[in-house]
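Accompanying notes for the structure given below.
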Amino acid sequence: MNLPQHVKVVEVGPRDGLQNEKDFVATATKIELINQLTAAGFVNIEAASFVSPKWVPQMADGREVMAGIKRGSQAIYSALTPNLRGFEGAVEAGIDEVVIFGAASEAFSQRNINCGIAESIARFEPVAQAAKAQGMRLRGSISCCFGCPYQGDVPLASVLDVIERLAALGCDEIDIADTIGVATAEQTRKVMAAASRVFARERLSGHFHDTYGQALANIYAALQEGIEIFHASVAGLGGCPYAKGATGNVATEDVLYLLHGLGISTGIDLHKVVLAGDFISTAIGRVNASRAGKALLAKQRST
Ligand code: HMG
Ligand code: MG
């Protein structure tokens, strides 16, 4: 299959990236990061979570973050909403797209959202109905499609089953997530090919964490299967609070460098993303995890 000519890169750093930081990241810093990312040209930014603040304290200021940002005219701002309470918070905050998030692994579902897969779908149903009733975009995210920190292997049949259940709820897009970054390229090809048989390929996305350093190879494998949407986190921020040892998402700068090098357009200004990665790494005192980001910064500083 030919590689896609254009790819949508969804920037998830402000949510997936920052949710795992131990020290509370100031609301103003989150706002500045989102503003820099908007200015870099992202059309979709995952900006917040409307979840229990006891479970994920870092995301407790979603409403204030959304009130403070300068919106891009084309940009869609997404938020995680596990239940109707989260949905209502997201709507009040001016979120454009809500994300219901389940798992292909029973064990991970229990640890992450405190219920099994079947129960999670039942909990998502009113959220999906409310989103559809308001004409809002609805995204479904599936954790542990390639392996689970608690149960190990995850059968492909479980992944396909959850895709079908989320599709039945009316999801506009479905994320195939490698929560703990264990996928390999051949496995990615198989999972993406099978997923494309049960849900429209152009509305499937790849959400890769880079724990084992395989994320770029997996993205290339997914591109070969015709996948056109990928999630990434500026400076490789993040990890999942309910997946011990998992590192952040693949770094956005690295993904853009790969895609642009393949002649695939994204509409995103890599230079501005590199500066945003430097800004947030410095602001939260973290080593920038983007190889391309660090290299481009060093090059810029030496000229
Ligand atoms: P629960 O305990 O089963 O639900 O949690 P509950 O309804 O009994 O609520 C428990 C408490 O939370 C109550 O407060 C509720 O009021 C409150 P209390 O009475 O104890 O004071 N609560 C809320 N507060 C604010 N906003 C809400 C909300 N809902 C309940 N929306 C629940 C179930 C889903 C709420 C909980 O498990 C939770 O919040 N989990 C969050 C998990 C999470 O955010 N994980 C990280 C994101 S997932 C991820 O990163 C993976 C992804 O990137 C893809 C990948 O890489 O795999 C997407
Ligand atoms: Mg994630």
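The values are calculated or read from the model by the stated rules, or taken from the named source; none is laboratory data. Quick caveat, the model's predicted, so the values are computed rather than measured. Ideal geometry is used to build each Cβ from the backbone, glycine not excepted, and the neighbour counts take in all protein chains shown. Surface accessibility is based on the protein's heavy atoms, side chains included, excluding ligands, DNA and RNA. Shrake-Rupley method; radii C 1.70, N 1.55, O 1.52, S 1.80 Å.
The charge dipole of the chain, taken about its Cα centre with unit charges on the Cβ of Lys, Arg, Asp and Glu (plus for the first two, minus for the last two), comes to roughly 340 debye. Available extension along the chain between residue 287 and residue 54 is 81.2 nm, counting 0.36 nm per residue and deducting the alpha carbon span. For the peptides 224-231, 293-300, residues were scored by their other Cβ atoms within 10 Å and the scores averaged per peptide; the highest-first order is 224-231, 293-300. Counting heavy atoms of the protein chains alone, residue 280 has an accessible area of about 0 Å² for a 1.4 Å probe. Extending 7 Å from the Cα toward the beta-carbon at both residue 70 and residue 244 defines two label points whose distance is 4.4 nm. Estimated from helical segments only, the mean residue ellipticity of the chain at 222 nm is -13000 deg cm²/dmol, where each DSSP H run of four or more residues counts as -39500 (n - 2.57). Here the range 179-303 has 53 percent of its accessible surface on carbon and sulfur atoms, given a 1.4 Å probe and all protein chains in place.
Of all the options 166, 237, 262, the one that moves most in a Gaussian network model of the chain with Cα springs shorter than 10 angstrom is 262. Going down the list 22/190; 54/244; 30/54; 8/132, which pairs span over 27 Å between their C-alpha atoms? Among 22/190; 54/244; 30/54; 8/132, the Cα-Cα distance tops 27 Å for 22/190.
Here residue 257 sits with roughly 140 square angstrom of accessible surface, probe radius 1.4 Å. Take residue 164, project a point 7 Å from its Cα along the Cβ direction, then tell me which residues of the range 128-148 have their backbone nitrogen under 19 Å from it. The answer is 140-143, 145-146. Once you reduce the range 22-54 and the range 244-282 to the center of their Cα atoms, the two points are 16 Å from each other.
Applied to the range 249-265, the Karplus parametrisation 6.51 cos²θ - 1.76 cosθ + 1.60 on θ = phi - 60° returns per-residue 3J(HN,Hα) values of 5, 4, 6, 4, 4, 5, 5, 5, 4, 4, 5, 5, x, 8, x, 8, 7 Hz, with x for Gly and Pro.
Between residue 2 and residue 85, the simple label model (points 7 Å from Cα in the Cβ direction) yields a spacing of 5.1 nm.
Loop-located trypsin sites (Lys or Arg not before Pro) in the range 1-67 (DSSP state not H, G, I, E or B) with no more than 10 neighbouring Cβ atoms inside 10 Å: 22, 54. Based on protein heavy atoms only, the chain ends up with 40 Å² per residue of surface accessible to a 1.4 Å probe. Average projection, convex hull of the Cα set of the chain: 14.0 square nanometres.
Shape class of the range 237-303 from the alpha-carbon gyration tensor: oblate, with a/c at 1.5 or above and b/c at least as large as a/b. The mean sequence separation of alpha-carbon pairs under 8 Å and at least six residues apart, normalised by the residue count of the chain, gives a relative contact order of 20 percent. Computed from the C-alpha gyration tensor, the three semi-axes of the ellipsoid equivalent to the range 39-82 are 22, 11, 7 Å, from longest to shortest. The distance from the alpha carbon centre of the range 139-159 to that of the range 61-137 is 20 Å, rounded to a whole number. For residue 154, the residues whose amide H sits under 5 Å from its own are 147, 148, ignoring neighbours fewer than 5 places away on the same chain, with H placed 1.01 Å from N.
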